[in-house]
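All remarks here apply to the structure that follows.
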Amino acid sequence: MLNSNIQNQLVNNPLSYRSILTLPKNARFGLEIELENVNYDLISRYVRNQFGQHWYVKDDRSLMKDKNAEIVTPVLYNEKKTWILLKKLAQMIKKLSPTFDNCSFQVNFDGSLLPTSEDRITFLKLYAYYEDIIYRFSKGENANYRESLDMYASPIILALKDVLNFDEPDKEFILERFSNNKRYGIIFKNKSKDLIEFRTPNGTYNPILWQNYITLFYYLIEAITKRKYDLQELNEYISSYSKINILESYELSREEKALKLSKQIFSKQLDKTSFLHQYIGSNK
């Protein structure tokens, strides 16, 4: 249970769409927004006409056949015009009344943010440590996780435990499991570009949630380069993890652990408040 001071902060600071985030202005990211029960040709024409040739729409074979679309943005930066465009896009999507039964919201960051194999493995450990918090936070407006989650955004905790050798880690062997593999909620893509891709459990057209996802994932990466972690704590947690019904466990609210994460990676109070708002479900 969060203390009364934090609860009052949440009450007095409702979630809202921001004109700009706290990320550095030179932070590069791209989005992939999956939709179902939509007219592909209609969305494709709209995106091309309203946003230009660098934004595009593609078909996704993991979604509902002949009734899906995946909107792919160009490289974006944390500047006001980005958030104006994304709000406009969200409003357009909402009017189409899509469904998200098999959909994800995906955020890609420049792989250079984690330049070494050691950084990437440590990042996987940090992600796994907080994966229960991340998944509950990332459910969007839905009460349940999508059915195809295990195939396209599966938790990594047991897979990471399976490949880790805590005495003599084989870095390339570990990273191979999570490279170009769309099964997991976090992957490294290196076929054409070096990217870090986050794949949320559920999709959404809510632009406030888009901003919260981008903020959380960016600062989770930054926590590695700024050494905001206890490696021994991460190793002990992963090596001792034994739960079988992972998603069922991830449904449980762990407010104290969520508060710990917010204090660990965020320096701005607004980021902490927005994260906790979404985690405890005030947006649902």
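Can you name the residue in the stretch 119-167 that is in a loop (DSSP other than H, G, I, E, B) and closer than 20 Å to TYR237 by Cα and is also modelled with the lowest pLDDT among such residues? Show your work before the answer.
Keep residues of the stretch 119-167 that are in a loop (DSSP other than H, G, I, E, B), which gives 130, 138-148, 153, 155-156, 164-167.
Imposing the further condition that a residue be closer than 20 Å to TYR237 by Cα reduces the set to 130, 155-156, 164-167.
On the way: TYR130: 98, PRO155: 95, ILE156: 97, LEU164: 90, ASN165: 75, PHE166: 66, ASP167: 69.
Applying the filter and picking the extreme gives PHE166.
Could you pull out the residue among LEU86, LEU76, LEU113, LEU96 that is over 21 Å from TYR184 (Cβ atoms) and open to solvent by 20 Å² or more (accessible area, probe 1.4 Å)?
LEU96
So if I check each of THR200, THR273, THR215, which one is of a type in the set (S, T, N, Q) and touching an Asp or Glu at 6+ places or on another chain (Cβ under 8 Å)?
Details: THR200 fails: touching an Asp or Glu at 6+ places or on another chain (Cβ under 8 Å); THR273 fails: touching an Asp or Glu at 6+ places or on another chain (Cβ under 8 Å).
None of the others qualify; the one that does is THR215.
Scan the stretch 65-83 and report the pairs whose first residue is more than 19 Å from SER97 (Cβ to Cβ) and whose second residue is charged (D, E, K, R) and not in a loop (DSSP other than H, G, I, E, B), with Cβ atoms within less than 9 Å and a gap of 6+ or a chain change.
That search, which allows pairs on different chains as well, returns VAL72/GLU32; VAL72/LYS58; THR73/GLU32; VAL75/ARG28; VAL75/ASP110; LEU76/ARG28; TYR77/ARG28.
Take the conditions open to solvent by 20 Å² or more (accessible area, probe 1.4 Å) and either of a type outside the set (Gly, Ala, Ser) or more than 22 Å from THR215 (Cα to Cα) (or both) and apply them to TYR127. Does it pass? If you could, list the steps in order and put the result at the bottom.
Working: open to solvent by 20 Å² or more (accessible area, probe 1.4 Å): no; either of a type outside the set (Gly, Ala, Ser) or more than 22 Å from THR215 (Cα to Cα) (or both): yes.
Taking the combined requirement at face value, the residue does not satisfy it.
Any idea which of ILE244, ILE280 is at pLDDT below 95, farther than 25 Å from MET151 by Cα and of a type in the set (A, V, I, L, M, F, W, C)?
Values: ILE244 fails: farther than 25 Å from MET151 by Cα.
The unique qualifying residue is ILE280.
Take the conditions outside any helix (DSSP H, G or I), open to solvent by 40 Å² or more (accessible area, probe 1.4 Å) and of a type outside the set (Ser, Thr, Tyr) and apply them to LYS182. Does it pass?
Values: outside any helix (DSSP H, G or I): yes; open to solvent by 40 Å² or more (accessible area, probe 1.4 Å): yes; of a type outside the set (Ser, Thr, Tyr): yes.
Spelling it out, LYS182 is indeed outside any helix (DSSP H, G or I), open to solvent by 40 Å² or more (accessible area, probe 1.4 Å) and of a type outside the set (Ser, Thr, Tyr).
Without any contact (Cβ under 8 Å) to a residue 40 or more places away in the chain, under 21 Å from SER148 (Cβ atoms) and open to solvent by 20 Å² or more (accessible area, probe 1.4 Å): which single residue out of ASP101, ASP60 fits that description? Show your work before the answer.
On the way: ASP101 fails: without any contact (Cβ under 8 Å) to a residue 40 or more places away in the chain.
Result: ASP60 is the single residue among ASP101, ASP60 that is without any contact (Cβ under 8 Å) to a residue 40 or more places away in the chain, under 21 Å from SER148 (Cβ atoms) and open to solvent by 20 Å² or more (accessible area, probe 1.4 Å).
On the basis of being more than 17 Å from the chain's Cα centre (by Cα) and surrounded by 14 or more Cβ atoms within 10 Å (Cβ to Cβ), does LEU234 make the cut? Working first, answer last.
Numbers: more than 17 Å from the chain's Cα centre (by Cα): yes; surrounded by 14 or more Cβ atoms within 10 Å (Cβ to Cβ): yes.
Against the criterion (more than 17 Å from the chain's Cα centre (by Cα) and surrounded by 14 or more Cβ atoms within 10 Å (Cβ to Cβ)), LEU234 qualifies.
Being farther than 23 Å from ARG199 by Cβ and among the aromatic types (Phe, Trp, Tyr), is that true of even one residue in the stretch 52-61? Steps first, answer last, please.
Quick first cut of the stretch 52-61, residues farther than 23 Å from ARG199 by Cβ only: 52-53.
With among the aromatic types (Phe, Trp, Tyr) added as a condition, the list becomes none.
Checked the stretch 52-61: no residue is farther than 23 Å from ARG199 by Cβ and among the aromatic types (Phe, Trp, Tyr).
Looking at (1) under 20 Å from ILE246 (Cα atoms); (2) out of contact with any Phe, Trp or Tyr (no Cβ under 7 Å at 6 or more places or on another chain), which is the only condition PHE137 fails?
Unmet for PHE137, out of (1) under 20 Å from ILE246 (Cα atoms); (2) out of contact with any Phe, Trp or Tyr (no Cβ under 7 Å at 6 or more places or on another chain): (2).
Enumerate the pairs (first residue in the stretch 243-259 and of a type in the set (Ser, Thr, Tyr); second residue anywhere and modelled with pLDDT under 90) with beta-carbon separation below 9 Å, excluding pairs fewer than 6 apart on the same chain, so at least 6 apart or on different chains.
If the second residue must be modelled with pLDDT under 90, the pairs left are SER249/LYS243; TYR250/TYR145; SER253/ILE280; SER253/GLY281.
Given the criteria closer than 23 Å to THR122 by Cα and in contact (Cβ under 8 Å) with a residue 24 or more places away in the chain, does ILE208 qualify? Show your work before the answer.
Numbers: closer than 23 Å to THR122 by Cα: no; in contact (Cβ under 8 Å) with a residue 24 or more places away in the chain: yes.
Considered against the rule, which asks whether it is closer than 23 Å to THR122 by Cα and in contact (Cβ under 8 Å) with a residue 24 or more places away in the chain, ILE208 comes out as no.
Does the stretch 42-49 contain at least one residue that is under 20 Å from PRO207 (Cβ atoms), within 19 Å of the chain's Cα centre (by Cα) and open to solvent by 40 Å² or more (accessible area, probe 1.4 Å)?
The answer is no, given that none of the residues of the stretch 42-49 is under 20 Å from PRO207 (Cβ atoms), within 19 Å of the chain's Cα centre (by Cα) and open to solvent by 40 Å² or more (accessible area, probe 1.4 Å).
Any residue in the stretch 27-44 that's of a type outside the set (A, V, I, L, M, F, W, C): show its pairings with residues that are part of a loop (DSSP other than H, G, I, E, B) and modelled with pLDDT of 95 or more at Cβ separation under 7 Å, as long as the two are six or more apart or on different chains.
Note: pairs meeting the criteria are ARG28/VAL75; GLY30/THR73; GLY30/PRO74; GLY30/VAL75.
The values are calculated or read from the model by the stated rules, or taken from the named source; none is laboratory data. Everything numeric in this text was worked out from a predicted model, so none of it was measured. Here Cβ is always computed from backbone atoms with ideal geometry, including for glycine, and neighbour counts include all displayed protein chains. We work out accessible area using only protein heavy atoms, side chains counted, and drop any ligands, DNA or RNA first. Shrake-Rupley method; radii C 1.70, N 1.55, O 1.52, S 1.80 Å.
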